[in-house]
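What follows is calculated from the coordinates using simple rules that are stated; it is not laboratory data. Every value quoted in this text rests on a predicted model; they were computed, and no experiment measured them. Reconstructed Cβ throughout: ideal geometry from the backbone, glycine too, with neighbour counts over all protein chains shown.
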Amino acid sequence: MRILILLFYTSILAFSCSKEIEIKEDQKGDQLVVEGYIENDKYAKVYLTKSTNYFTKIDTTNFMKLLANTAKVTVYSGDQFEILTLVKDKKKFPLFYYEGSEIKGEIGKEYRIKVELEGKTYESTTSITKPVEIKLLTYFSKANNANNNFLNLSFKDPGEEQNYYKIYTKRIGKDLDFKPCYLSTFNDFGFNGKVFDFEILSSYSPVVDSDSERFFLKGDSVIVKLCTMEKKNHEYWKNIEAQIAISANPFGLSNNNPISLFSNNALGVWCGMGTSYGIIKVK
Amino acid sequence: MMTNLIFFQQKINYISIYRNLFISVLLQIKIILSMLVFFNLLILKFVLIRNLIMYFKLNFKVLYVYISLSVLLLSNSSFSQISKQYILVDNQSLNTVERYDVYVEGKLINKDSVFISNLFLKDTFPKKIKIHPEGYKKLSFNQTINDTIIKVIKISPDLKVFKTITIKKRNNLEFGKIDLSNEDISKIPTFLGENDLIKSIQLLPGIQSAGDGNGIYVRGGGMDQNLVLYDDVQLYNFSHLFGFLSVFNSKSISKVRVYKGGTPSNYGGRISSVISIHSQKGDYKKWTGESNLGILASSFMISGPTKKDTSSILFAVRRTYVDLINKSISKNSDYQTEYYFYDVNLNYNLKINKNNDICLSGLLTKDDFIYNDRKSNAFQNNMSWNNKLISMNWNSLIKENLTFHSTLGYVDYDLKFGAGIYNYKLNLFSRIKDFTSKQKFVFKNKNYTSQLGFEYNNHNILPNNFNLDGEKGTKYLKKSNLYSNDYNIFFDQTFIILDKLQINAGLRYVFYNQKGPYSKYFYNSSNQLDSLLYSPNETIFSYQNPEPRIQIEYNLNNQKRIYASFTKMYQYIHLAPVSSISLPTDTWVPSSALIKPQIANQYSIGYADEIKKYNLNFTTELYYKKMENQIEYKDGAMSVLSIQNAFDENFYFGSGESFGIEFLIKKEIGKWDGWMGYTLSKSIRNFDAISDGKTFYAKNDRRHDLSTVINYEYNKRLDFSLVFVFKSGNAMTIPTSRYFIQDNIVNTYGAKNSYRIQPYNRLDISVNYKLKNLGRFKNVVNFSIYNIYARQNPFYIYYETAINLKKFFIETKAKQVSLFTILPSISWRCEF
């Protein structure tokens, strides 16, 4: 009887199946994607790429279609403006970025970006919100595994207004750039005006990261970046974070597009960030 | 006063002066009323108001006299005769028995309705009356002129006849509602050896399923819009096995009634349908039992008297073997996967006296799933959900045709979900605790049924309490419990006019309030976080709404009927699915200032015909439903990501429409029986915040939905059953492009629900073979094959991306997952 039942359950698994299907639906790739940041005391940095049709196969023959390195990118601040310079970066996709060298981000100021590409103009504005200081940065390991470390970030929310936060980390010598941590985007709902402890677990991108380590290891030196931002940019990142979190879940219902923050319906974000930094070595 | 009236009626033959005087007064009133017969609505209004006043007086004697008078006035065709009405009441349940044949002096004079005998004064008494009620012992008696106007006769079920009759079943199909018996369910091919109630309901026209799952969508409505009642107490999650089976053990169900439209006013709180499940009562006479050994689970039921003819008990239990099997398979595996479910039903019935009985029933269900990576302890996942339900029903026969039904109920549903990476755990806990009280008076006679009642529901909901459980733990704001009440008063009247026209009109009035304790956090005009604290029982927000309902049915002749109905319903508790299929993690939320009650106005017309030549019944119904304040999750986010919002800030609101035509042809008598249902329908939604305000298809929009059930009794030992289902594919949203942002690939999506997945179809067969009886043991072996031609029906679609940026390569493929492609099962049932 037991063998019969075992055979039966095996047959259920065998009869459940997955097959490739063809979806014919209007595709709408080739939109400009802007990923631009301006922080306090730093110059603007902008990545430009293009979207592709969802089911279009990308290889060496059409990879260049993802890039937008012929654009003119201008940043305005009051009467000042600056045309950003195209910089080559072989280490990281999309191989190029645009960077400023004159206008540095200032807290409370508004910045406008204008991207001109293939006869179209795309614009958006952002402000740099007041940064919040990191009060304490510690690490702790699990009792059963001394090598699995969390960071604990402690800061005091200003309290006088609604704050929107995002936390990044960068392991010196390991990460090329700052990466948002796991569940990095949150607001001060529930701890307005109070000290808040946030446990940091690293995130990883299956697209660019070779290791999928979520813990900080013994010997890691980690820079932690605590950012504040405007509500509209916070909403954008929250939507993206939800999409990434759900992307591996076939039951996920991540089918709402974030509201476009650019004229002419470009995708992406122009994000002013009030930042404060902390560094810690895991011993 | 009532006694006086009866006395007066009894003496009417002898006191002719008073009689003539009385008749002359009645005659005048009768003439006026006869005129009003031509203005049915006026009558309706008149009687409604009069009886409402009566009920509020809560004087049953006055009520009795008043309604008796009304009946007399409306039903007597001549004042030279007196109506004697006989109402048959089941001596166990005290419910009235509606189908019986009446013979007076050997002549069949009344069929399939409450019997009113018109006694002419010139007649000779006593008259010999014989009554043949369906499923009950026949009875006969002599009628005298001194009998009371309304006589209640208690009758006992005839167990031998009852079995025969239930196979024969009733002939007339009803509009807007469908009844399923335990036997209907047991005939349908099993799923993994289990006869599933919800899978049987999904085969009815106008009811759509979510593929192989147990989701129910009625006439284009959402999954949360179905009121599922177990012995009049609401269940929020009725799924086992992640939604592939229901918690209802068919051994413990006596009957099910499904209302798709024309819902009577004693039901409310959901805008699409009512699925009322009645548990099986214990046997008052002798101990009986049944066991079922299936491939997935086994069940056992025992029923019998604790005191003969006075009290009885029924106990049923069902449990799956999956965990036991899996334990032996994966004992040495690096991965621990455990899953089990069980359900327990307990029923206790007590006849307090000849007019009162109490039924106490309980339902306990549990599902528990654990996944653990034993080797590295890197990933753990657990999910469990439980239902605890208690219902107490008291039925009382107050007067001969006035009954009182009282329900007290409590349900406690909880869900625990946990996912962990090493010791870093994400925990989610949701809970609903409901207390229900429903009191109802029913007055019934031949041409007039009236019910008045009051219902109170207290909801205590904890939606998605979430915490990250690390060493120290990130302390997010704890979700607080959400409290709400609804108070409902309902009034329902059914008239039969001239034996042709039946009007059912009702009104339900609901007062709903969201109440404290509650801490409401919000950002004030200075953009500062502020809070409002509500004390216990303090009203936070309230709604009150009337829900009128009316149904009119007209008999064109004995076989053909036409029907029209209008129903307005409100819904104060909502569920927005967080995933593309229904999972137990879906969370219910109450109405608040932001979440307005859902509203549905449903209009339907129908036609029914009895094709006697072929023993067939045919119905068709055309419906249109307009729904307001429909809800969808914002951003389509998992609920844990919206933890930082107040519970009512995570939704978009919009409207919906659905319309369609349903056809049902059913054969109930003969070696062959079964039905074929077809629905042509469309269901659309419109949300300002979704798809730029453009209209889109509802996820469950199904253009075509065909179900066929055929049962064939080859001989007394062998019967066959076949089910064929064809449904248009679900609507879904698919990504149209992708782009890079912050080192990740994200998608842009096309118009909401613009893509249609492949149609769903399958054929199931079943064979029942009755083995030779071993003493009192009757054995039946069932062999079923689900999806016999191995159709790969889509369960979900996912996307698989291969990416290597160093080699400049990205490719995405769409994949469809199908479950249950050909699923044989065998089960053994033993009755004793």
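Rounded to the nearest 500, what is chain A's calculated 222 nm mean residue ellipticity when only DSSP H runs of at least 4 contribute -39500 (n - 2.57) each, over all residues? Mind showing how you got there, number by number?
Working: 2 runs with 30 residues, N = 283.
After summing the helix terms and dividing by residue count, I get -3500 deg cm²/dmol.
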Self-check item: All aspartates and glutamates inside 13 Å of A:Lys156 as judged from Cα atoms, apart from same-chain residues fewer than 8 positions distant
Solution: A:Glu133, A:Asp188, A:Asp197
Practice problem: Sort chain A into rounded, prolate or oblate with this rule: let a ≥ b ≥ c be the square roots of the eigenvalues of the Cα gyration tensor; rounded if a/c is under 1.5, and if a/c is not under 1.5, prolate when a/b is larger than b/c, oblate otherwise. | Solution: oblate
Quiz item: Setting aside same-chain residues fewer than 8 positions from B:Lys515, which aspartates and glutamates have a Cα under 12 Å from its Cα?
Solution: B:Asp486, B:Glu538
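Kindly flag which residue pairs out of B:Lys138/B:Lys560; B:Lys520/B:Lys568; B:Lys351/B:Lys399; B:Lys137/B:Lys770; B:Lys154/B:Lys446; A:Lys170/B:Lys634 have an alpha-carbon separation exceeding 21 Å in this structure.
B:Lys138/B:Lys560; B:Lys520/B:Lys568; B:Lys137/B:Lys770; A:Lys170/B:Lys634
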Practice problem: Note down the nm distance, to one decimal, between modelled labels 7 Å out along Cα→Cβ at B:Asp499 and at A:Ile107. | Solution: 9.1
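Across the residues of B:790-801, average count of Cβ atoms on other protein chains within 10 Å?
Details: counts 2, 0, 6, 0, 2, 3, 3, 4, 7, 5, 2, 4.
Mean shielding count: 3.
For B:Phe724, what charge total do you get from the other residues with a beta carbon under 10 Å from its beta carbon, if Lys and Arg give +1 and Asp and Glu give -1? Walk me through the numbers on the way to the answer.
Values: positive: B:Arg762; negative: B:Asp764.
Surrounding charge for B:Phe724 is 0.
Which order do peptides B:185-196, B:587-598 fall in by mean Cβ count within 10 Å, highest first?
Values: B:185-196: 23.6, B:587-598: 20.4.
Ranked by mean Cβ neighbours within 10 Å, highest first: B:185-196, B:587-598.
Over segment A:32-127, what is the mean sequence separation of C-alpha contacts under 8 Å (at least six apart), divided by residue count, expressed as relative contact order in percent? Walk me through the intermediate numbers first.
Working: 181 pairs, mean separation 28.2, N = 96.
Relative contact order, segment A:32-127: 29 percent.
How charged is the neighbourhood of B:Tyr607? Take every other residue with its Cβ under 9 Å from the Cβ of B:Tyr607, and add Lys/Arg as +1 and Asp/Glu as -1. Provide the component values of the computation, followed by the final result.
Working: positive: B:Lys560, B:Arg561; negative: B:Asp609, B:Glu621.
After counting each charged neighbour, the total is 0.
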Quiz item: Cross-link partners among aspartates and glutamates for B:Lys354, C-alpha distance below 18 Å, same-chain residues fewer than 8 apart left out?
Solution: B:Asp90, B:Asp283, B:Asp309, B:Glu400
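Between B:Lys128 and B:Phe566, how high is the FRET efficiency from 1/(1 + (r/R0)^6) when r is the Cβ-Cβ distance and R₀ = 35 Å? Nearest 0.05.
Values: r = 46 Å, r/R0 = 1.31.
The pair B:Lys128/B:Phe566 has a calculated efficiency of 0.15.
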Exercise. Would you mind getting me the FRET efficiency between A:Leu217 and B:Asp323? Use the beta-carbon distance for r and R0 = 51 Å, nearest 0.05.
Key: 0.85
Practice problem: Report, in whole Å, the centroid distance computed from the Cα atoms of segment A:88-152 and segment B:222-283. | Solution: 53
Exercise. Enter the Cα centre distance for the pair segment B:534-568 and segment B:661-731, rounded to the nearest angstrom.
Key: 25
Quiz item: Going by the alpha-carbon gyration tensor, a ≥ b ≥ c the square roots of its eigenvalues, is segment A:57-165 rounded (a/c under 1.5) or, if a/c is not under 1.5, prolate (a/b greater than b/c) versus oblate?
Solution: oblate
